[in-house]
Amino acid sequence: MIDTCDQIFVLLQHWLVSFLPAAWQTAAGVLLSVAAIVCLFPALFALTTVFERKGLARIQNRLGPNRVGPFGFFQPIADGIKSLTKEDIVPLSADAAVHFLAPVLLVVTVFMGFAVLPMGRNMVLVDLDAGLLFYFAMGASSELAVFMAGWSSRNKYSLLGAMRAVAQMISYEVPLLLSSVVVVMITGSLSLTKIVEAQNHYTWGLPHWYIFTPWGFAGFLMYAIATTAETNRSPFDLPEGESELVAGYHTEYSGFKFALFFLGEYVAMFSISGLGTTLFLGGWSAPFSFLTWVPSWIWFFSKLMLSIFVFIWMRGTLPRLRQDQLMNFAWKFVLPMCLLNLMVAGLWRFMGDGWLRWVVCSAILLLAYVGLGLGEMRRQRLGPRSYRYAE
Amino acid sequence: MSEMQSHSAILADKPQGWNRPAAIEPQNEGELLEVSMGPHHPSTHGVFRMDVALDGERVIRLKPVFGYLHRNHEKLAEGQSYLASMPYTDRLDYICPITNNWAYALAVEKLIGQEVPERAEYLRVILGELTRYQNHASSIGFLIQEMGASGTPLMYAFREREKILDLFEELTGARMMVNYMRFGGCRVDASPGWLDRTRKVVAGLSGFADEFDQLLKSNEILMARTQGVGVLRPELAVNAGVTGPMLRASGVNYDIRKVDGYGIYNRFNFRVPLGDHGDVYDRYMIRMLEMRESIEILNQALREIQPGPVMDPKAKIRGLRPKPGEAYGRIEAPKGELGFYLISDGGPNPYRYRVRPPSLINLTVLEDMCLGVNVADVVLIFGSVDIVLGEVDR
Amino acid sequence: MLGEGIIKGMVETAKNFFGSYFSAERLTTVEYPEQRIAPYEAARVFPFLVFDSKNHAGGTDWESGLRCVACQICEKECPPKCIFIEKSKDKKPDALGRLQFYPARFDIDISVCMSCQICVEVCPFEAIKMDTEFELSTEDRFGGLLLDRKQLAKSNQYYHQIHPAEATGVDAKLAAEKIKAHAKVKITDEAKTAAIAGAGA
Amino acid sequence: MKTVEEIKAMIEAAVPGAVVEIVPNPSPSGQHSLRLAPECALAVAKFLRDDAELRLDFLSNVTGVDWPDSLEAVYHLYSVEKKHGPVVIRMKTVNRTDQVELPSLTPIWRSAEFQEREIFDLYGIIFTGHPDLRRLLMWEGFKDHPMRRDYREPDDYEYEPTAHDDVLKRAQAHQVSATGQPIPGQEGTEDAA
């Protein structure tokens, strides 16, 4: 019974496909999975927009959307209808073809990433041996879409936003990769299924997730920072920083194209959170050994939503950085930390079991964090101040 | 004070044009990117426009353009009686109408030599300091909003402002357009119940300031964004007529509440916080600290207020005809020195009615502060000036 | 330093997030059309003209009960000049029985009115007061927001309803004036009758 | 704080050839002012700012005034360092039509920059020596100076239903000349009733 629940989607797919001739079954199976992903994530996106708006509202002591449907949960339907019926404006001087292609390209590349994500036990569309590589290749091409959007709009704000976006995304691509490499080093595989399998063990009922190791924790933090930048979320939402650039690279988009950008951004957030879950949070594995009876896909999606919640929480709290600070942060803080983390991961590998490697690895990382952080703050002369008073 | 004296000494032998913005050379080849920020830009606080020339994202030239909200307030006032201008002053700086009322009432009282009863002075101080508190809170909120914090501090500030506006509404009948002060007092008296409710609100204000500090004060991103950004030197600040928290953030000890001691401010015990760097962070912190000083003043005023009349019975409301002459009255409004200059020719309408708008004059140094910075900092520096377009354009 | 400021901020927002579910202090929103707050007594929106129905047999006869005597002070003092008054040619007895002019036309353009209450302050006859009704939006920008004297006339009872304390004070003041006026009228009446009697004799 | 007479004496001692006249202010405020001859104004202003005793380093307010025979600029000076003030100085143009130049005090006090631009815009005083004398509030290409007392409002303002008397007549005339149509709802029917 537990197994059936766990594998319900896999079984369902097999059952549906079994109606077809054997020669078509593989193709049909893939199509079915694709259809599932293409339906599921936009639905999740719709749900997330409500949650985000309500969550942000609560953080800000407001009520949030509560007019459409019960508790406002039909709000995305209204929003969807609105964006579908709105006029699609293309600026006169814009490059119409590129202007049209940009949102399409964004959405396509973003969805491609899901192909290699294991969303549950045996639930992966294509179990590539180099899944991680494929994922990053796809993720990197979304930058092209953003730049196409900004360039083709022929708007100064769009152009500035696009340039910011490209600079930012390329810069953070490096720490993103480097922070993931530690996982590959330890696991010895680029296959995401194997990475999850490697974490799916328990000692005293506690899981062997990589986040619970010094290098994994540091790697996860770096990964989280890099993903926030990569998905243009606050506090790294400079490409669309509305206070200075109106709406950044999608200033000139309206109607459904704008909705596509919005969709692409959120789906990218899901997919990159899913990857983070897979790499550091044990993918679909349960947090305690006695909870392994809960279907694996539930764990995957709960972890996904939890990271989305953290994204929303950060958005509700933090102001954004400036472009040069963002770059400085990437190259002078995150990148050195990632490189150090690579060495620490190697050290961890060769020090063998025992408490010593915990102490040594944690100490190195902590010292480097404090040293780099304080050094950077001091270099930029930042810090709390005291004030004098005149009577 | 040592800093001030030194700056005055420097001032005497400054070269010609030292107080003009220094020209910036572009670092890159090719054309500059000319951007017209505003008048419908999300962070220009209304209809303000800046003609910006960018070299990459660096600001090479910045020219403010005004007048999109110009309604010739001064001309309107010259065409109607002294009393009829009072409600229009609400609409200058619509975040703090009370202080606008006060400045105008003060100028007319100077012009006609009118005395104000003590209770009215206390009420003016109470309302004025509440106004200062809510103005500073929401201006910090707007500043952080421009830094991209999705409005969270702004909503907290507005939550608190709501309580203060409720008090205003209960007393004056309107939340923002209060039209409360008259020449020689205040329009209506505050009931004991109102004072009790005010005491209750004031008791909660410092908790809110703590919350704000907790949320923002030590935030690394905020520090990185604001420290060292938009530095205003004290000698330029004084020379350019910058007033209010912005001047004090540059380290100049000049608070009209202390200097003029208008109303009954010299009865209260409060301090004037001063910044040492003159950057955006200092402006933000000075506002925070002034909010705490406002709470001090409020506590004292609410303790000491005595019953009595709120209007001088001899004061004339309608048909005021001051003797020919002129008067300049100024107060420390939350945004800076708000002054009214009135010339009377003996008629029922002022011959000349001039508003000295702190928002406009504080913007004089906008270009100086913005040249050479990143375009993202322009909105930040602009936000830290704390302006209201209703007052800039009048 | 080193991220604890960020964590502090995150804790603060989390506090507010959960606090908004439990504390009315934090969640101050009033969901307007369903929930309403009673207006404060001092609240002011747009002016209306008070009529005394008590003094007239009809009770709903707003026209003869209007306290306004078309003196046009409010028209002159109104800062945005949104009041337009036409004085009547003839005179009618007012609440005190004295013959007075009345407004043949009294228009307030509430699209121009800025709710400043100056007309109320300058009125020597307590004839114009501030309403608390604020849901006045119409589809007709020109006609719908130009209120004539029929739309503006509200009874003294209504005034008592919306501003009880203020209205009581006004009533007391008017009553005092009335007594004074009656005394005067009596004197003049006596003088008149005496004069008539004298003439008759 | 020194009286205007003392300040006048100080100026005359320090700036040779300075023409200073005291303008008494009969109102209870007692803020008497000094009228400077435009030729010497810049030198006097520099003296007022830099003099060790006066140190009027803060120019608070600049006002334009339209008198029947001339235009005037009034400057309110304070001292941030000595915390005294105001000292009011004023300058008059020769007439209101063609000789409307005054020296700009912006080189001395930067705070005059926008205020003098505003006066140039609204009154038409030309401040010679101003670094950037453009209109401030009205748009470029606008003719006339709206704060002058003889300024006549254009008729093409937004129509308001309560317009009456000559304002209504002008609005109606403008509406007819511009569109050929009378103003809706104000064709005179209501007036008749």
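Things worth noting here:
- Meets criteria (within 14 Å of chain D (Cβ to nearest Cβ) and within 17 Å of B:Lys335 (Cβ to Cβ)) for B:Gly241: yes
- Being facing another protein chain (nearest Cβ under 10 Å), of a type outside the set (A, V, I, L, M, F, W, C), more than 22 Å from D:Leu122 (Cβ to Cβ) and surrounded by fewer than 24 Cβ atoms within 10 Å (Cβ to Cβ) is a property that B:Arg318 has.
- Conditions (1) at pLDDT 80 or above; (2) in contact with a helix residue (DSSP H, G or I) (Cβ under 9 Å, 6 or more places away or on another chain); (3) surrounded by fewer than 14 Cβ atoms within 10 Å (Cβ to Cβ): number failed by A:His14: (1)
- Against the list (1) within 14 Å of chain B (Cβ to nearest Cβ); (2) over 17 Å from A:Gly274 (Cα atoms); (3) surrounded by fewer than 24 Cβ atoms within 10 Å (Cβ to Cβ), the condition A:Gly150 fails is (3).
- Odd one out for B:Tyr353 among (1) away from chain D (no Cβ under 14 Å); (2) part of a strand (DSSP E or B); (3) of a type outside the set (A, V, I, L, M): (1)
- Condition met for B:Ser359 (away from chain D (no Cβ under 11 Å), under 16 Å from the mean Cα position of the chain (by Cα) and among the polar types (S, T, N, Q)): no
- Identity of the residue in segment B:106-159, in a helix (DSSP H, G or I) and within 14 Å of chain D (Cβ to nearest Cβ), that ends up nearest to B:Glu290 (Cα to Cα): B:Leu106
- Residue check, C:Glu12 in a helix (DSSP H, G or I), free of Cβ contacts under 8 Å to residues at least 40 places away in the same chain and not hydroxyl-bearing (Ser, Thr, Tyr): yes
- Meets criteria (under 16 Å from the mean Cα position of the chain (by Cα), outside any strand (DSSP E or B) and modelled with pLDDT under 85) for C:Ala70: yes
- Condition met for B:Glu162 (within 14 Å of chain A (Cβ to nearest Cβ), over 30 Å from D:Gly30 (Cα atoms) and part of a helix (DSSP H, G or I)): yes
- Within segment A:203-321, helices (runs of 4 or more DSSP H) holding 1 or more residues that are among the hydroxyl-bearing types (Ser, Thr, Tyr) and touching a strand residue (DSSP E or B) at 6+ places or on another chain (Cβ under 6 Å): A:296-317
- D:Leu136 being closer than 26 Å to B:Leu69 by Cβ and either at the interface with chain B (Cβ under 9 Å from one of its Cβ atoms) or surrounded by fewer than 23 Cβ atoms within 10 Å (Cβ to Cβ) (or both): yes
- When we screen A:Arg320, A:Arg385 for residues that are at pLDDT 80 or above, under 30 Å from B:Val252 (Cβ atoms) and of a type in the set (D, E, K, R), the only hit is A:Arg385.
- Top-ranked residue in segment A:40-91 [being part of a helix (DSSP H, G or I) and among the polar types (S, T, N, Q); ranked as farthest from A:Arg315 (Cα to Cα)]: A:Thr85
- Of D:Leu54, D:Leu59, D:Leu34, D:Leu48, all but one fail to be facing another protein chain (nearest Cβ under 9 Å) and touching a residue at least 24 places away in the same chain (Cβ under 8 Å); the exception is D:Leu59.
- The residue of segment C:2-57 that is farthest from B:Ser218 (Cα to Cα), among those that are over 42 Å from the mean Cα position of the chain (by Cα) and surrounded by fewer than 17 Cβ atoms within 10 Å (Cβ to Cβ), is C:Phe18.
- Filter result for the condition that a residue is assigned to a helix (DSSP H, G or I) and among the aliphatic types (A, V, I, L, M), over B:Leu236, B:Leu232: B:Leu236
- Members of segment D:50-91 that are under 21 Å from D:Arg117 (Cα atoms) and outside any strand (DSSP E or B): D:Asp57, D:Trp67, D:Ser70
- Looking only at segment B:177-206, and only at residues there that are among the small types (Gly, Ala, Ser) and more than 10 Å from chain C (Cβ to nearest Cβ), the one that is farthest from B:Ile317 (Cα to Cα): B:Ser206
- Residues being of a type in the set (D, E, K, R) and within 11 Å of chain D (Cβ to nearest Cβ) - total across segment B:211-238: 1
- Qualifying residue in segment C:139-152 (condition: in contact (Cβ under 8 Å) with a residue 24 or more places away in the chain, within 14 Å of chain D (Cβ to nearest Cβ) and under 13 Å from the mean Cα position of the chain (by Cα)): yes
- Boolean, A:Arg381 is under 22 Å from C:Gly9 (Cα atoms), at the interface with chain B (Cβ under 7 Å from one of its Cβ atoms) and more than 21 Å from the chain's Cα centre (by Cα): yes
- Among the residues making up segment A:353-380, a single one is among the polar types (S, T, N, Q) and over 17 Å from A:Val334 (Cβ atoms): A:Ser362.
- Hits in segment B:321-335 - residues which are among the charged types (D, E, K, R), in a strand (DSSP E or B) and either more than 10 Å from chain D (Cβ to nearest Cβ) or within 11 Å of B:Leu111 (Cα to Cα) (or both): B:Glu326, B:Glu332
- Residue in segment A:63-70 that is of a type in the set (S, T, N, Q), farther than 30 Å from A:Phe280 by Cα and touching a residue at least 24 places away in the same chain (Cβ under 8 Å) present: no
- Check on B:Gly173, under 30 Å from B:Val116 (Cβ atoms) and without any contact (Cβ under 8 Å) to a residue 40 or more places away in the chain: yes
- Evaluation of C:Met130 against the conditions (1) closer than 20 Å to C:Ser88 by Cα; (2) under 10 Å from the mean Cα position of the chain (by Cα) shows that the sole unmet condition is (1).
- Here the condition is being at the interface with another protein chain (Cβ under 9 Å from one of its Cβ atoms) and either under 12 Å from the mean Cα position of the chain (by Cα) or more than 19 Å from D:Gln115 (Cα to Cα) (or both); of B:Leu371, B:Leu380, B:Leu338, it holds for B:Leu380 alone.
- Counted residues, segment B:51-73 - those being away from chain C (no Cβ under 14 Å) and under 21 Å from the mean Cα position of the chain (by Cα): 7
- Test: A:Glu240 is touching a helix residue (DSSP H, G or I) at 6+ places or on another chain (Cβ under 6 Å) and either within 13 Å of chain B (Cβ to nearest Cβ) or surrounded by fewer than 22 Cβ atoms within 10 Å (Cβ to Cβ) (or both): yes
The values are calculated or read from the model by the stated rules, or taken from the named source; none is laboratory data. In this text, all values refer to a predicted model and were calculated from it rather than measured experimentally. Using ideal geometry, Cβ is built from the backbone for each residue, glycine included, and neighbour counts are taken over all protein chains shown.
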